[in-house]
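Engineer: Handing you this structure, nothing more for now.
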Amino acid sequence: MVQPSAVQVPPRDLRPRRRWYLVGLGVFLVCVVAGGVVAAVLVLAGAKQGGDLHRLSDGNRVTLTAGDDKYLYATGDEANRVGVPVCRTSGPSAPRLGMTRSSQTLTEDGVTWVAVARLHVPVAGTYTIDCPPDDSYAIGNSAFGVLGRVFGGIGAFFGLALVGLLAGGTIALVTFVRRSGDRRRRRVAVGQPQPWAR
């Protein structure tokens with residue numbers, strides 16, 4: 001009688017095929033690449049948004065989108081002013097200036113800007129905003145929106161990489177377990193005496 005432990009089963013004969021290890025690796029790599037692409041898009045969008053600061057000294061006319069929540073930023077002495085600045089606006093509607101709920105700062109060209117008011121735009125269009133002295137004020141996006149995109153991109157990368165690791169690892173583990181079971185079954189089948197050999 002042939003001992004089952006002595007039976008050698010060629011790896012290429014086992015099922016499922018070894019190519020499933022490559023499938024698991026491929027799933028992991030696809031998720032990592034996808035996470036990198038999503039992270040790059042979000043980080044670049046955040047960097048672009050962070051640089052979208054329109055100084056009123058460069059022209060008081062700004063084009064705003066309906067529903068936008070822009071922020072009025074100030075620098076120098078105006079950044080330390082208490083309360084909402086007195087600004088004159090004209091355009092398709094009357095944008096509402098309100099207090100900011102948190103401290104936000106943006107740095108552009110070595111100048112630090114502090115959010116001093118929140119600007120809500122009910123109707124899209126081109127507006128003229130005058131906040132004397134205009135060289136101390138600018139309109140921009142939320143600093144938290146910029147950080148949110150950056151951290152969102154980093155989170156997306158690690159999240160998709162983790163999904164790929166779990167999915168690819170599961171495929172590899174199932175393949176290994178099933179191949180091991182197939183090897184044991186084949187060894188036992190070969191090691192069993194045949195009825196006519198008794």
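The values are calculated or read from the model by the stated rules, or taken from the named source; none is laboratory data. Note that the structure is predicted; figures quoted are calculated from it, not measured. Methodologically, a virtual Cβ is constructed for each residue, glycine included, from the backbone with ideal geometry; neighbour enumeration extends over all protein chains shown.
Engineer: Of the residues that make up region 132-149, is at least one under 30 Å from Ala39 (Cβ atoms), part of a helix (DSSP H, G or I) and without any contact (Cβ under 8 Å) to a residue 60 or more places away in the chain?
Structural biologist: Yes, region 132-149 has at least one match.
Engineer: Now a separate question. Just to be sure, is Gly24 in contact with a helix residue (DSSP H, G or I) (Cβ under 6 Å, 6 or more places away or on another chain), part of a helix (DSSP H, G or I), at pLDDT 75 or above and surrounded by 19 or more Cβ atoms within 10 Å (Cβ to Cβ)?
Structural biologist: yes
Engineer: To continue, here is another question. Report the residue count in region 37-68 for those that are surrounded by 13 or more Cβ atoms within 10 Å (Cβ to Cβ), within 30 Å of Pro92 (Cα to Cα) and modelled with pLDDT of 75 or more.
Structural biologist: Result for region 37-68: 7.
Engineer: Further, regarding this structure: Could you check region 91-110 and list, in sequence order, the residues that are under 14 Å from Gly140 (Cα atoms) and not in a loop (DSSP other than H, G, I, E, B)?
Structural biologist: Within region 91-110, Leu97, Thr105, Leu106, Thr107, Glu108 meet the criteria.
Engineer: Does Val32 fit the bill of being at pLDDT below 80, in a helix (DSSP H, G or I), touching a helix residue (DSSP H, G or I) at 6+ places or on another chain (Cβ under 7 Å) and hydrophobic (A, V, I, L, M, F, W, C)?
Structural biologist: No, not satisfied.
Engineer: For residues in region 101-119 being among the polar types (S, T, N, Q) and closer than 15 Å to Asn80 by Cα, which is modelled with the highest pLDDT?
Structural biologist: For region 101-119, the residue satisfying everything is Thr112.
Engineer: List every residue pair whose Cβ atoms lie under 8 Å apart, where the two residues are 6 or more positions apart in sequence or sit on different chains, the first residue falls within region 92-121 and is surrounded by fewer than 18 Cβ atoms within 10 Å (Cβ to Cβ) and among the small types (Gly, Ala, Ser), and the second residue, located anywhere, is assigned to a loop (DSSP other than H, G, I, E, B) and at pLDDT below 80.
Structural biologist: Gly98/Val84
Engineer: Do any residues in region 179-198 that are more than 22 Å from Arg19 (Cα to Cα) and modelled with pLDDT under 85 have Cβ atoms under 8 Å from those of residues that are outside any helix (DSSP H, G or I) and among the polar types (S, T, N, Q), where the two are at least six apart or on different chains, and which pairs are they?
Structural biologist: Gly191/Gln3
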